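This report concerns only the one structure given below.
The values are calculated or read from the model by the stated rules, or taken from the named source; none is laboratory data. The model shown is predicted, which means the values in this text are computed figures rather than measured ones. Note that each Cβ is placed from the backbone with ideal geometry, even for glycine, and that neighbours are counted across all protein chains shown. Quick note on the areas: whole protein, heavy atoms, side chains included, nothing else; ligands and nucleic acids left out. Shrake-Rupley method; radii C 1.70, N 1.55, O 1.52, S 1.80 Å.
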Amino acid sequence: MRILLVEDDTSLGSAICDYLTRESFLVNHVATLAAARSCFPADYAVVVLDLGLPDGNGLALLPHIFRQADPPAILILTAQDRLSDRVRGLDAGADDYLVKPFDLPELTARLRALERRRAGRHSPQIELGAVIVDTVSREVRLDGEAVELTAREYALVVAFAEHPDRTLSRRQLEDALYTFDSGTLSNVVEVYVSRLRRKFGRDAIRTIRGIGYRWGNAGRDGGKVPE
């Protein structure tokens with residue numbers, strides 16, 4: 001899941017980024033409204049938005065977010081004694097809020113819940129035919145057997161799982177694999193698609209020439225690629 005974190009507290013922002021990265025989230029961290037606006041358009045699942053930013057109130061970012069073709073969910077961070085901020089944020093269109101200080105496991109649980117709601121799902125498990133992806137345990141099973149994946153392989157599987165009937169462009173898959181400051185190799189998508197085909201079958205991911213890639217038929221009927 002790709003997250004935009006807008007938080008000007010350096011120590012808090014770093015702690016959130018480190019924890020979410022360990023939990024297999026992809027996080028872009030910025031500290032100002034101007035920097036947050038420059039991050040769009042991009043395929044974020046959730047924006048975690050602090051309200052007290054150096055160049056204005058975080059709520060000023062909401063109209064910009066809502067103009068996106070597929071707006072992300074919004075979780076606002078607010079001080080414990082600012083009920084008015086929470087009310088204004090929810091009335092302005094935010095989906096949830098978290099009061100500082102908060103526990104990082106609660107933040108991750110709320111982020112996953114927002115993504116399920118955004119995708120119209122109630123369960124943390126996503127089924128792709130013979131493949132089951134558990135977004136809480138981060139376990140992926142093929143025909144009932146666990147498949148060992150690297151963090152980036154898992155991120156790519158989740159990208160396909162969250163858009164099972166869509167062809168994803170190379171740029172969308174690159175966004176799923178890397179944050180802005182990670183850098184990308186020119187053939188990174190092809191490399192990871194090839195790895196996933198070895199693990200799920202050559203027909204698991206279809207190449208749509210000139211457009212991108214689409215999840216296909218994984219499992220025993222999908223034709224495992226020989227080692």
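Structure data summary
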read-out: Of residues in the stretch 72-111 being assigned to a helix (DSSP H, G or I), of a type in the set (Lys, Arg) and at pLDDT below 90, the one farthest from residue 16 (Cα to Cα); value: 88
read-out: Candidate set: the stretch 146-192, residues that are of a type in the set (S, T, N, Q) and either at pLDDT 85 or above or part of a helix (DSSP H, G or I) (or both); chosen: the one farthest from residue 209 (Cα to Cα); value: 150
read-out: Conditions (1) open to solvent by 70 Å² or more (accessible area, probe 1.4 Å); (2) assigned to a loop (DSSP other than H, G, I, E, B); (3) within 16 Å of residue 45 (Cα to Cα): number failed by residue 120; value: (1)
read-out: Members of the stretch 125-145 that are more than 20 Å from residue 112 (Cβ to Cβ) and assigned to a loop (DSSP other than H, G, I, E, B); value: 129, 130, 143, 144
read-out: Among residues of the stretch 21-79, those that are charged (D, E, K, R), out of contact with any Asp or Glu (no Cβ under 8 Å at 6 or more places or on another chain) and over 19 Å from residue 103 (Cα atoms), counted; value: 3
read-out: Selection from the stretch 76-99 of residues that are basic (Lys, Arg) and touching a strand residue (DSSP E or B) at 6+ places or on another chain (Cβ under 6 Å); value: 86
read-out: Hits in the stretch 1-34 (condition: assigned to a helix (DSSP H, G or I) and open to solvent by less than 30 Å² (accessible area, probe 1.4 Å)); value: 13, 16, 17, 20, 33
read-out: Selected residue (criterion: modelled with the lowest pLDDT) from residues of the stretch 193-227 that are open to solvent by less than 60 Å² (accessible area, probe 1.4 Å), in contact with a helix residue (DSSP H, G or I) (Cβ under 8 Å, 6 or more places away or on another chain) and part of a helix (DSSP H, G or I); value: 222
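Yes/no per residue for (1) under 15 Å from the mean Cα position of the chain (by Cα); (2) open to solvent by less than 20 Å² (accessible area, probe 1.4 Å); (3) closer than 26 Å to residue 29 by Cβ; (4) small (Gly, Ala, Ser):
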| site | (1), (2), (3), (4) |
| --- | --- |
| 98 | no, yes, yes, no |
| 105 | no, no, yes, no |
| 156 | yes, yes, yes, no |
| 171 | yes, no, yes, no |
| 190 | no, no, no, no |
